[in-house]
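What follows is one structure encoded as structure tokens, with my remarks underneath.
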Amino acid sequence: MKKFLLSILLSCSILLAFGQSNSKLTADWQERFFKAPEVTLPLLIDAAVKYSAQVEKLDAAKQIAYDNIRLSRKQVLNGLAVGTGYSYGSMLNTVNGDQQVSQINAFNMPARAQYNVGVNLSLSLGQLLSRRYELHRQELVLKQAESDRKTQEREIRQLIINTYQELTLAKVTWEQTVDALQSANVNKKIADKKFKLGQIQLDELMTVNDLYTKAALVQEQFKNKYETTFLLLEELIGMNLNDLMNGK
């Protein structure tokens with residue numbers, strides 16, 4: 001029985017410690033996210049670049065341009081050919097110096113089989129003249145693809161920075177409106193009590209209630225602004241901010 005009770009207490013302690021560690025982890029990533037932009041922004045930008053479909057498209061264009069350069073450089077091999085031939089007849093064997101020539105008829109030589117192999121390179125003048133310009137054109141296409149990717153990365157960085165700043169400002173403003181709503185709520189409760197006691201008039205009560213309603217509306221607007229910006233930032237990077245900051 002004692003062992004059973006000890007095991008229950010140990011399990012409860014582990015669950016409690018695990019819950020506290022999770023809460024601390026959540027608080028830690030939010031603290032680092034908003035208080036350390038020098039850490040947060042590089043993570044956001046890197047994730048956004050990897051997730052961007054436009055960057056992926058530009059990477060494909062860059063690879064195509066690189067492959068076209070390789071093909072243009074090897075195009076000269078299209079005019080290269082290997083030829084073979086076989087013949088049989090009377091001809092001088094230049095390899096074997098022992099071959100005898102008839103003294104009576106110099107053209108009377110023994111018949112031999114001949115086999116030959118050769119390499120032939122045939123290119124038109126137009127191909128030779130245009131090859132250099134074609135290579136140069138493909139190299140320019142590659143440079144353009146690289147430049148387009150850098151431009152897209154720069155636009156992503158600017159968008160991430162602006163969205164991060166908007167989120168930070170929305171968070172601060174939302175927190176301020178929450179404080180303002182709490183103060184308005186306290187004033188509303190006090191005004192309600194005073195009105196019941198006959199210490200204030202109806203118009204004063206309506207004024208306090210109107211201030212509370214406006215504070216609640218403003219608080220809801222900035223809450224919505226914060227949540228929308230938060231979701232947009234997650235959409236840009238393609239993952240949860242919690243996972244990003246915790247390295248998942």
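Quick note: the coordinates plus some simple rules give every number you see, no bench work behind them. Not measured: the values here are computed from a predicted model. Counting neighbours? That spans all protein chains shown, and the Cβs are built from the backbone with ideal geometry, glycine included.
Within the range 148-167, residues that are touching a residue at least 24 places away in the same chain (Cβ under 8 Å) and within 14 Å of GLU235 (Cα to Cα) sit with their Cβ atoms under 8 Å from residues that are among the aromatic types (Phe, Trp, Tyr) and surrounded by fewer than 17 Cβ atoms within 10 Å (Cβ to Cβ), at 6+ positions apart or across chains, in these pairs: LEU167/PHE230. Yes or no: GLY247 surrounded by fewer than 14 Cβ atoms within 10 Å (Cβ to Cβ), farther than 30 Å from LEU58 by Cβ and free of Cβ contacts under 8 Å to residues at least 12 places away in the same chain? So GLY247 does not fit the description; no.
For the range 216-228, the criterion of being in contact (Cβ under 8 Å) with a residue 60 or more places away in the chain, under 22 Å from PRO42 (Cα atoms) and not acidic (Asp, Glu) is met by none of the residues. The combined condition, being over 30 Å from GLU56 (Cβ atoms) and in a loop (DSSP other than H, G, I, E, B), is not fulfilled by GLN219.
In the set (1) among the basic types (Lys, Arg); (2) touching a residue at least 24 places away in the same chain (Cβ under 8 Å); (3) within 30 Å of ASP46 (Cβ to Cβ), LYS188 fails one condition alone, (3).
The one condition from (1) exposed (fewer than 12 other Cβ atoms within 10 Å of the Cβ); (2) not in a helix (DSSP H, G or I) that ILE200 does not meet is (1).
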